[in-house]
Every structure is written in C-alpha cells, then in structure tokens.
Amino acid sequence: MAAGPGRMAAGDLCARTTTCGGVGPICGPPENRGNIMSLEGFVRSVEGLNRMIGTVVSWMALGTVLVCFATVYTRYALNTNFTWLQDLYVWQHAAVIVLGAGYTMVIGGFVRVDIFYSRWTARGRALSDMIQTVIFLIPFMLVCAWAFWVMVGNSWRADEASPNPGGLQNYWLLKGTLMVFVSLILLQGAAMIARSILVLRGREEFASAASSH
C-alpha cells in the first residue's frame, strides 16, 4: 500500500534517517535509534578526548628531548649538575607513556600478535573485542586502580619527594599520572565495547581495523 502524504514508508525512514555524521542508516523503533546515537556520541566523545590528550602529549615528547639535551649540556659543557633537571626529563618521559596510552589504544598502536583476528569478519572482530575487554582489560584496570590509589595516597600523605637528593618535590604528582592512565584506558575500553555493539547492530563503519601490529 502506498504511503499517504502524512505517512512515510519504512524504506524512506531508513533512507532519510542518518547519523549525525551522515554515514549509514539508522532503522528501527525511535528508542533504538536513540540508543544507537547515544553510543555513537559516547564513542566520539571518548576518542576525541584521547586524541586531544595524545596531541598535547606529543609536544611533551619534544619537551623531553629538549630537557634531556639541556641536562647533558650543563653537565659536560658547563660542568654543572642539576638533579632536578634530570628528574624533569624522566618525569616528562613517564607522563608521555602513561598519558598517551589512551590515544595509542584509539589508533590501534599497541603491539598485537594474532593468528585469527585479522581473518575474521567485522562482526567477529567486534565480538572478540567486546569479550576480551570485559573479561581481561576492565578487571585488570580495576585492580591497577586500587593499587595505584593506595600508592598515590601514601605518597600524598608523606609529602614524598624525589629519591634523588636535590631532585623535584611532590613525587605524588608523577605517581598520580597513573590514576589518569587508568581512567583513560577504562574510558577507551568502554568506548571499544560501545563500538562493538554498534558493529553487531549493523554499523560496520565503526569496526576496528583488521590489520595487526
């Protein structure tokens, strides 16, 4: 039966209702479309945050090189040693690693050796990502969060300083980056689950890359 002027056929609804990015149809009851758009928004927000942090951290990597150069120059050219300067480039390097972990996860930059994953379909990879995130990643990060929280709390209460004489104070700041690391990885893990759900519901443009590192 043809659709009347005030009605829209199901095919038209699928064709005309798209995501905010304009990629792919969203079909089904209004509540399902709302859930899918919420998942898309969550994925974009989390990955946008990690990409922004990754951009900032990339400049910290340059700062690490410059501070390391200054340390070597003052020691060997000026015959002067600043312990706090040595601490600074070590702290920067550590921050680059832990704060950039979420971004590395977004772009699939972690080393992954697989035999079957790259041969699976997008839905198969999505199901694997979701199961492994729930079973392995999230529980491990929660254990790390508890351990890091205790460690940072002890450092804060003791007003811990660098173990090197003349080094930087407030050592808890460096240790505190581990809590940021856990938070970013947990957020990205949740975004991976959301991506997997989207793929399993037919949104294969959200599928992870098949290639491995």
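Can you tell me how segment 60-163 classifies by the Cα gyration tensor, rounded, prolate or oblate, using a/c under 1.5 as the rounded cut?
On the way: a/c = 4.75, a/b = 1.80, b/c = 2.64.
Here segment 60-163 falls in the oblate category.
Fewest to most neighbouring Cβ within 10 Å: what's the order for 71, 80?
Working: 71 20, 80 10.
By the 10 Å Cβ count, ascending: 80, 71.
Along segment 192-197, what does the Karplus equation 6.51 cos²θ - 1.76 cosθ + 1.60 (θ = phi - 60°) give for ³J(HN,Hα), rounded to whole Hz, x for Gly and Pro?
For segment 192-197, the Karplus-derived couplings read 5, 4, 4, 4, 4, 4 Hz, x marking Gly and Pro.
Work out, step by step, the length gained on full extension between residue 118 and residue 204: first 0.36 nm times the residue separation, then minus their alpha carbon distance; give nm to one decimal.
29.4 nm
What ³J(HN,Hα) values, in whole Hz, does the Karplus curve 6.51 cos²θ - 1.76 cosθ + 1.60 give for segment 169-180 when θ = phi - 60°, with x put for Gly and Pro?
Listing the rounded values in order: 8, 6, 4, 5, 5, 5, 5, x, 5, 5, 5, 5 Hz.
Exposure proxy check: 195, 119 ranked by fewest other beta carbons within 10 Å?
The order, fewest Cβ neighbours first, is 119, 195.
So, with +1 on the Cβ of K and R and -1 on the Cβ of D and E, and no other charges, what is the size of the charge dipole of segment 27-136 about its Cα centre, to the nearest 20 debye?
Rounded to the nearest 20 debye, it is 220 debye.
How much FRET efficiency would the formula 1/(1 + (r/R0)^6) give for residue 159 and residue 84, where r is the Cβ-Cβ distance and R0 is 22 Å, rounded to 0.05? The partial results should precede the final answer.
Values: r = 17 Å, r/R0 = 0.75.
Here the calculated transfer efficiency is 0.85.
Describe numerically, in nm with one decimal, the distance between label points set 7 Å from Cα along Cα→Cβ at residue 134 and at residue 147.
Each label point is offset 7 Å from its Cα along the Cβ direction, giving 2.5 nm.
Mind sorting 138, 115 by how few other Cβ atoms lie within 10 Å of their own Cβ, fewest first?
115, 138
Got a sec? Charge dipole of segment 71-213, +1 on Cβ for Lys and Arg, -1 for Asp and Glu; which of 174, 143, 107 is way out at the positive end?
107
Just so you know, all these numbers are worked out from the coordinates, no wet-lab data involved. Every value quoted in this text rests on a predicted model; they were computed, and no experiment measured them. A quick note on method: Cβ atoms are made from the backbone with ideal geometry, for glycine too, and the neighbour counts reach across all protein chains shown.
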